[in-house]
Amino acid sequence: MHFKTLAIHAGQAPEQNYGAVMTPIYQTSTFAFQDVNQPGPFDYSRSGNPTRKALEDCLAALEGGTHGFALATGMAAVATVLELFKQGDHLIIHDDLYGGTYRYLVSISSEHGVTFDFVNLRDMDALRAAIKPNTKGIWTETPTNPLMNLLDLAAIAGVAREHGCISICDNTFSSPYFQKPLSLGIDIVMHSMTKYINGHSDVVAGALIVKDADLAEQLQFYQKTMGTCLGPFDSYLVLRGIKTLGVRMEEHHRNALALAVWLENHPRIERVLHPGLASHPQHDLAQRQMSGYGGTFSFRVKGGQEGAFALLRNVQVFTLAVSLGGVESLMEQPWSMTHTSMPEEVRAAIGITQDLIRVSVGLEHIDDLIADMEQALGQVNP
Ligand SMILES: *Cc1c(COP(=O)(O)O)cnc(C)c1O
């Protein structure tokens, strides 16, 4: 079945007692046993809950996997995956990634004796050179936050397989509607469902999807044992949001691309970083690997910090806020807002500088978004 059909129906058959068409919120911690030593299909909500199960089955279907896991936040998903790696294991991490994942690795994984190298995974020779006998995992994120660089997932998954490493892809920016890492050979897909999958900026949640039974068993064990699962009410909200994922992504794609093209021609803009533009250095890979683009991209304003602040202070339809993927448009400066956990010299080295602005283009009318950007850029000193 097609994506839009699965989003509405996968894992979500009408409920059996009363025929409720929408999945009920099973707001219960525990379930009655059928007899001594004989639990029903669920026994305790940390191990499993019917509302969460509906969401997990839907996620598996949308990513083309066999098992999905719904976690309390995107970071809970990161933490749950990283439990697969033990003292003495080595990981290769793409050098441009979500700040929270970076912070988890350097402040928590490292304390547990896991070692890692940050490597530019756009360079396949650098990836091969970084592999050690104890390398167990390769972490990718594409497009990257906030620089919109792309990684060739099929090529990286191939190298991972050759060396017996688990490959992981943070697919938050594209959502499964535009990019399916499992079909390219990646072993584990991770999402912050806080972003596009839920899409309404009213939940924090995370997801993991796999198509390998052993990995599924391990992740289920960690989800249950660490207690990182998503609650029933939030699972219900994400299920409600996910039904319109395809429709929303198409509109995010159209709005963001139109705004990116408009910005590229504006005299106060230095550069626009959007994989759908011919000017993006990896535009070919974008067309091969993704079937469209989300609503998030970045651009550089002329005038450095001063230019960036003038723009951020003067927008009216865009809200000055972190996060992305909701129906409303947001704007932020990664340097001072989302990427402060990266040391200044690391930020500067990879290009997260003061002139960089990240936008999450929502579903407002594109003419209003462009008009807002135009009036705010008019207040940036030439
Ligand atoms: C937001 C985000 C996360 C973290 O997710 P939370 O839901 O905030 O915990 C991880 N990766 C990416 C790419 C993100 O944008």
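In plain terms, the residue of E83, E162 with the fewest other Cβ atoms within 10 Å comes first and the most crowded comes last, giving E162, E83. Placing a pseudo-label 7 Å from each Cα along the Cα-to-Cβ vector at A258 and A32 gives an inter-label distance of 5.5 nm. For K132, the lysines whose Cα falls under 18 Å of its own Cα, not counting residues fewer than eight places away in the same chain, are K86. Projecting the Cα atoms of A278, A348, M373 onto the charge dipole of region 246-377 (Cβ charges, centred on the Cα centre) puts A348 farthest toward the positive pole.
Note that region 325-338 has calculated 3J(HN,Hα) couplings of x, x, 5, 9, 7, 10, 9, 7, 9, x, 3, 10, 10, 9 Hz, one per residue in order, obtained from phi through the Karplus relation 6.51 cos²θ - 1.76 cosθ + 1.60 (θ = phi - 60°); glycine and proline are x. Between region 92-155 and region 184-221, the alpha-carbon centres lie 18 Å apart. With neighbour counts taken as other beta-carbon atoms within 10 Å, the residues I188, I8 rank, fewest first, as I8, I188. Taking +1 at the Cβ of each Lys and Arg and -1 at the Cβ of each Asp and Glu, which of N120, L97, Q16 sits farthest along the dipole of the chain towards its positive end, judged by Cα position relative to the Cα centre? Farthest along the dipole direction, towards plus: Q16. Please sort by residue number the trypsin sites (Lys or Arg not before Pro) in region 79-154 whose DSSP state is loop and whose Cβ has at most 10 other Cβ atoms within 10 Å. The qualifying sites are K86.
Here region 1-101 is treated with +1 on each Lys and Arg Cβ and -1 on each Asp and Glu Cβ, and its dipole about the Cα centre works out to around 220 debye. Across all directions, the average projected area of the convex hull around the alpha carbons of the chain is 19.6 nm².
Here the Gaussian network model covers the chain, with springs between Cα atoms less than 10 Å apart; of H90, H200, H365, H365 fluctuates the most. Net charge dipole, the chain: roughly 200 debye, given to the nearest 20, about the Cα centre with Cβ charges of +1 for Lys and Arg and -1 for Asp and Glu. Partner lysines whose Cα lies under 16 Å from the Cα of K4, excluding those fewer than 8 positions away in the same chain, are identified as K180, K243.
Panel order for M331, M226, by other beta carbons found within 10 Å of each beta carbon, from fewest to most: M226, M331.
With contacts taken as Cα pairs under 8 Å and at least 6 residues apart, region 263-382 reaches a relative contact order of 30 percent.
Every number in this text was worked out from the coordinates using simple rules, so none of it is lab data. Model, not experiment: these values are computed from the prediction. Glycine also receives a Cβ, built like all others from the backbone with ideal geometry; neighbour counts cover every protein chain displayed.
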